[in-house]
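Asker: Structure provided below as structure tokens; questions to follow.
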Amino acid sequence: MSKRVIITGGGTGGHIFPAISIGNALKKMDSSIEILFVGANGGMEMTMVPQHGFNIKGVTISGIARNLSVKSLLKNLAFPFKYFKSIQESARIVSTFKPDVVVGVGGYASGPVGRIASKKGIPLVLCEQNAYPGMVNKWLAPKAARILLGNEAAAKHFAQYVSKTRVTGNPVRAELLQGNREAGLAMLGLDPQKPVVLSLGGSLGSGAINHAWEVSLQTILSADVQLVWQCGKRYHEALKDRVQAHPNLRLMPFIQDMANAYAAADLIVSRAGGSTISELILLNKPSILLPSPNVAEDHQTQNAMSLVNRGAAWLVKDVDADKNLATTTVELVKDAAKMGALRNGIQQIEKHDSANEIAREVMALMS
């Protein structure tokens, strides 16, 4: 009888892409393994996962709103009912599929599915991407068979579970390692003699980063620095009308070929999600990080500080971005010694073959 694994979680690409990478690694190790994903109804995982060849089922769950508004209050009042329903749905899925192991990658759906797994005595593996653990993983940690950390700074939050905790890093898309600088420069139409800054706001874009570039664009362009500004699909049309074309500027809604874009860049400007941190470490990329203040427990700041404290990145706060982002970027990318120090700092951080390390932990539990 073939082995069966449920991988559960989602909500953002930072949870979904690692989950898919784990699924692919398990399949490479044993093609007979049956894998079922479980996500949140309405979540982006419900469309993304099938595009990568995996089956997925949904449960009725959503998160708890932390801001004060009527909409948030109504959402929180509905949470107990949604949670109870998701527990029933999770119980049916687990009873029908009969997994040997359940892997929770974070996100709302991993809560009820992980809870059912622990009650049924099914080994539960938790993957925590961030330096500060999410609420679901902290809640499930006592019942987990393994706690696998994407960021070593999270270890102190699981100190009481040290015997079942290890750092594996976060799985990143394997194709990112195939990037080529010359191909990236050609793809973007850039001058190889000028510095290249790659600004990432995610597929949806970052309003704060976009505004900071818009109000100070001349500072970076007049310094003869090339800016590849991935602004996000929802911002692109408006920005395209307002931002004047310039030989040093590439304004893009989305970058399909991230491997070559990363390879072309001398410096990355980005939010500080767990997956982004792992990509920067794996690719040895100097960066300026702008942690999003709109995330649970301000975990992006802690992600960023895990690099800053090791001399592997610089930090600019959202509130200072309009005033400081462009000047800080020029100061750094034009200074070979400072860039060298950042490259040295990030090269010193341990690299992991994360997807395969996690898959091996899962395989060990099944055998």
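The values are calculated or read from the model by the stated rules, or taken from the named source; none is laboratory data. Here the structure is a predicted model, which is why all the values come from computation and not from measurement. Heads up, the Cβs are rebuilt from the backbone with ideal geometry, glycines too, and the neighbour counts pull from every protein chain shown.
Asker: Taking the options GLY232, GLY205, GLY274, GLY189, name whichever one is closer than 22 Å to HIS15 by Cα, in contact (Cβ under 8 Å) with a residue 24 or more places away in the chain and touching a Lys or Arg at 6+ places or on another chain (Cβ under 8 Å).
Answerer: Answer to the check: GLY205.
Asker: Looking at (1) buried (at least 21 other Cβ atoms within 10 Å of the Cβ); (2) more than 16 Å from the chain's Cα centre (by Cα); (3) of a type in the set (A, V, I, L, M, F, W, C), find the lone condition where ALA355 falls short.
Answerer: (2)
Asker: For residues in segment 260-302 being polar (S, T, N, Q) and touching a Gly at 6+ places or on another chain (Cβ under 6 Å), which is modelled with the highest pLDDT?
Answerer: Among them, the one singled out is ASN260.
Asker: Among the helices (runs of 4 or more DSSP H) lying completely within segment 283-367, list those that include at least 1 residues that are of a type outside the set (S, T, N, Q) and in contact with a Lys or Arg (Cβ under 6 Å, 6 or more places away or on another chain). Working first, answer last.
Answerer: Working: elements: 299-308, 321-333, 336-347, 354-366.
Answer list for segment 283-367: 321-333, 336-347, 354-366.
Asker: Can you tell me which residues in segment 164-218 are of a type in the set (Asp, Glu) and within 24 Å of HIS352 (Cα to Cα)? Spell out the reasoning first.
Answerer: Initially, segment 164-218 is screened for residues of a type in the set (Asp, Glu), giving 175, 182, 191, 214.
Across segment 164-218, the qualifying residue is only GLU175.
To keep it simple, each residue is scored yes or no on (1) at pLDDT below 95; (2) in contact with a strand residue (DSSP E or B) (Cβ under 7 Å, 6 or more places away or on another chain).
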{"position": "ALA174", "(1), (2)": "yes, no"}
{"position": "GLY184", "(1), (2)": "no, no"}
{"position": "SER206", "(1), (2)": "yes, no"}
{"position": "TRP213", "(1), (2)": "no, yes"}
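Asker: With the checklist (1) within 16 Å of LEU342 (Cβ to Cβ); (2) part of a helix (DSSP H, G or I); (3) of a type in the set (Gly, Ala, Ser); (4) in contact with a strand residue (DSSP E or B) (Cβ under 7 Å, 6 or more places away or on another chain) in hand, flag the one item ALA272 doesn't pass.
Answerer: Evaluating ALA272 over (1) within 16 Å of LEU342 (Cβ to Cβ); (2) part of a helix (DSSP H, G or I); (3) of a type in the set (Gly, Ala, Ser); (4) in contact with a strand residue (DSSP E or B) (Cβ under 7 Å, 6 or more places away or on another chain) leaves (2) as the failure.
Asker: Looking at (1) surrounded by fewer than 22 Cβ atoms within 10 Å (Cβ to Cβ); (2) touching a helix residue (DSSP H, G or I) at 6+ places or on another chain (Cβ under 7 Å); (3) assigned by TED's automatic domain parsing to the domain that holds GLN226, which one does SER118 not meet, given that it meets all the others?
Answerer: (3)
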